[in-house]
């Protein structure tokens, strides 16, 4: 069985779709304090409504109801742990992208390859599965077993926490703490970078995966 390190990058749905999904804004919830001037009250409410809309759009990429999978980075090692091969899955057709990813995770005899990532239990895998349901795609057997994730899945953040759900640590902070490197950008900017500077976006994703591999080695997870 191969070992695959992976990381997903997401983007908001098209603005036309998002516009129809913005939660209702209730002016009555805006606290106007001691304001008496009607114009000032109107302006405050308008500002609150604009912030309400902007915050929704800013968070859209992090929710599978309002975001989509834009790219998936893979670092694949064969059964001997040698020959790490990096590649990026990225296409406009999200259903095709997801199918390609699930195919990569499918191993021999109906099993799944070992898959390793950072915070994949809380973010990557739920996002991938929910977007797959959207497109009526079958998720490989072994990814989820009832209430639990499959034995072949390793979440480095879960491992780092050692059962303490309050334990803090991002990939960047843990990598720095372990002395194996640091991130080279901000994931919030990835979607824009993917459109404007593909080479830089790919370099960012590759660096994230290389950090993941290095953190895994320190935590005792070998390829």
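The values are calculated or read from the model by the stated rules, or taken from the named source; none is laboratory data. Keep in mind the model is a prediction, meaning the values are calculated, not measured. Glycine also receives a Cβ, built like all others from the backbone with ideal geometry; neighbour counts cover every protein chain displayed.
Taking segment 151-160 as the range and being surrounded by fewer than 17 Cβ atoms within 10 Å (Cβ to Cβ) and in contact with a strand residue (DSSP E or B) (Cβ under 9 Å, 6 or more places away or on another chain) as the test, only 151 passes. When residues in segment 59-81 are screened for being out of contact with any helix residue (DSSP H, G or I) (no Cβ under 8 Å at 6 or more places or on another chain) and either buried (at least 16 other Cβ atoms within 10 Å of the Cβ) or under 23 Å from residue 210 (Cβ atoms) (or both), 5 of them pass.
Scanning segment 116-142 for residues that are farther than 14 Å from residue 8 by Cβ and surrounded by 15 or more Cβ atoms within 10 Å (Cβ to Cβ) yields 137, 139, 140, 142. Is one or more of the residues making up segment 82-89 over 18 Å from the mean Cα position of the chain (by Cα), surrounded by 10 or more Cβ atoms within 10 Å (Cβ to Cβ) and at positive phi? Yes, segment 82-89 contains a residue that is over 18 Å from the mean Cα position of the chain (by Cα), surrounded by 10 or more Cβ atoms within 10 Å (Cβ to Cβ) and at positive phi.
Within segment 44-52, does at least one residue satisfy the condition of being touching a strand residue (DSSP E or B) at 6+ places or on another chain (Cβ under 9 Å), without any contact (Cβ under 8 Å) to a residue 60 or more places away in the chain, over 25 Å from residue 154 (Cβ atoms) and not assigned by TED's automatic domain parsing to the domain that holds residue 209? Among the residues of segment 44-52, not one is touching a strand residue (DSSP E or B) at 6+ places or on another chain (Cβ under 9 Å), without any contact (Cβ under 8 Å) to a residue 60 or more places away in the chain, over 25 Å from residue 154 (Cβ atoms) and not assigned by TED's automatic domain parsing to the domain that holds residue 209, which makes the answer no.
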